[in-house]
């Protein structure tokens, strides 16, 4: 699996081939607004069935409170690359030492409606990982099977009326966990990249 991910990331197709027309339009619209650089770590853990690491943000945070997310955050002045941001945030939020993570590559930048330009950095780690979540930022940490996330049958495209307009978003409910919004959108892009060139 690691080799396949590396190969796919090394040959990223044009964004128009990874996004639906609606997603591409939303990304183009969001990219025209001022945005703050950020990065997240899509960390694959090499269990017998590989998994991806998620956090549930605490309820008091100023942005995305209570939501399920990939570890990550805004770029600091001392961060020279998105990889550095993603690894630093994973260490700060979950206590994962950067040396435990092998960086495999990046997904295309994802622009959020809340004003962030997020670079998803894909990483690989060998188990076991010992999580030490930051109680201020992280209410819970858990893993989801990679196979579940890469199965299009688990991807739902939903809509809701929010702040005066109808919003559309991806969602991947997993048990009692509701993965949605930008996090789900980045995972859908990852799925499409991994499925590229495979029989439909």
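Every read-out reported here was derived from the displayed coordinates using simple, explicitly stated rules and does not represent laboratory data. What you see is a predicted model, and the numbers here were worked out from it, not measured in a lab. Note that each Cβ is placed from the backbone with ideal geometry, even for glycine, and that neighbours are counted across all protein chains shown.
List 166, 172, 194, 1 from most exposed to least, where exposure is judged by having the fewest other Cβ atoms within 10 Å. Mind dumping the intermediate values first?
Numbers: 166 8, 172 21, 194 18, 1 12.
Lowest count first: 166, 1, 194, 172.
Can you classify the range 1-69 as rounded, prolate or oblate using the Cα gyration tensor, where a ≥ b ≥ c are the square roots of its eigenvalues, rounded means a/c under 1.5, and otherwise it's prolate if a/b beats b/c and oblate if not? Don't skip to the answer; put the middle values down first.
Working: a/c = 2.43, a/b = 1.07, b/c = 2.28.
Oblate, since a/c reaches 1.5 and b/c is not below a/b.
How big, on average over all directions, is the shadow cast by the Cα convex hull of the range 2-195, in nm²?
So the Cα hull casts an average projection of 11.1 nm².
Sequence gap at least 6, Cα distance under 8 Å: using those rules, report the relative contact order of the chain to the nearest whole percent.
Once divided by the residue count of the chain, the mean separation gives 24 percent.
For the chain, with a Gaussian network of springs between Cα atoms less than 10 Å apart, report the residue from 43, 15, 104 with the top mean-square fluctuation.
For the chain, modelled as a Gaussian network with Cα springs under 10 Å, the answer is 15.
Any idea how far the Cα center of the range 2-21 sits from the one of the range 124-200, in Å?
17
Counting DSSP beta bridges with both partners in the chain, what percentage is antiparallel, nearest 5?
75
With a ≥ b ≥ c the root eigenvalues of the C-alpha gyration tensor of the range 81-189, is it rounded (a/c under 1.5), prolate (a/b larger than b/c) or oblate? Walk me through the numbers before you get to the answer.
Details: a/c = 1.69, a/b = 1.53, b/c = 1.11.
Prolate, since a/c reaches 1.5 and a/b exceeds b/c.
Which shape class, rounded, prolate or oblate, goes with the range 81-135 when its Cα gyration tensor gives a ≥ b ≥ c as root eigenvalues, a/c under 1.5 marks rounded, and past that a/b bigger than b/c marks prolate?
It comes out oblate by the Cα gyration axes.
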